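Let me begin by presenting the structure, written as structure tokens, before commenting on it.
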Amino acid sequence: MNDPIIIVMVEDDEGHARLIEKNLRRAGVHNRIVPLADGASAINFLFGPDGSGAINKGRPLLILLDLNLPDMAGIDILKRIKLNEHLKISPVVVLTTTDDKSEIQRCYDLGCNVYITKPVDYEKFANAIQQLGLFVYVMQVPEAI
């Protein structure tokens, strides 16, 4: 893989977004992070102006996806990613406050790679993101086809 992984962070809570970025950096992850605060921005970045997803062809993406977005359900974005010929191989890490067992199962059924429940406690949340950072640091991500 020639290009470094681009981390696409779809997170509407600015505090959570800062915490995620800070703790990924603490874990030694220095990849580019593209922060997107709503579903429309995520769809635009991932699928491009023509909606095909070809805009990301050849780019290794790791998508951090919150399920609770102000304008659309993250689960719908997950579905679109995993049905898209260019994006379906991109790993998706769901990072959300929802710990409902059926929602977790639904995300895995739709193709999410990792499901992390955001702990309410600041220290636990920071620790969970640092652990994710260590995982990101060693993971291999294929380029979008």
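The values are calculated or read from the model by the stated rules, or taken from the named source; none is laboratory data. Small disclaimer: the values here were computed from a predicted structure and weren't measured. Positions of Cβ are generated from backbone atoms using ideal geometry, with glycine treated the same way; all protein chains shown enter the neighbour counts. Just so you know, the surface numbers come from the protein's heavy atoms only, side chains and all, with ligands and any DNA or RNA stripped out. Shrake-Rupley method; radii C 1.70, N 1.55, O 1.52, S 1.80 Å.
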Hey, any hits in the range 21-35 for a residue that's open to solvent by 50 Å² or more (accessible area, probe 1.4 Å), out of contact with any Pro (no Cβ under 8 Å at 6 or more places or on another chain) and under 20 Å from Ala73 (Cβ atoms)? yes
Please state which of the following conditions Ala40 fails to meet, knowing it meets all the rest: (1) touching a helix residue (DSSP H, G or I) at 6+ places or on another chain (Cβ under 7 Å); (2) at pLDDT 95 or above. (1)
Among the residues of the range 16-26, are any free of Cβ contacts under 8 Å to residues at least 24 places away in the same chain and in contact with a helix residue (DSSP H, G or I) (Cβ under 6 Å, 6 or more places away or on another chain)? no
With the range 36-141 as the region, which strands (runs of 3 or more DSSP E) entirely inside it contain at least 3 residues that are surrounded by 15 or more Cβ atoms within 10 Å (Cβ to Cβ) and without any contact (Cβ under 8 Å) to a residue 40 or more places away in the chain? 92-96, 114-117
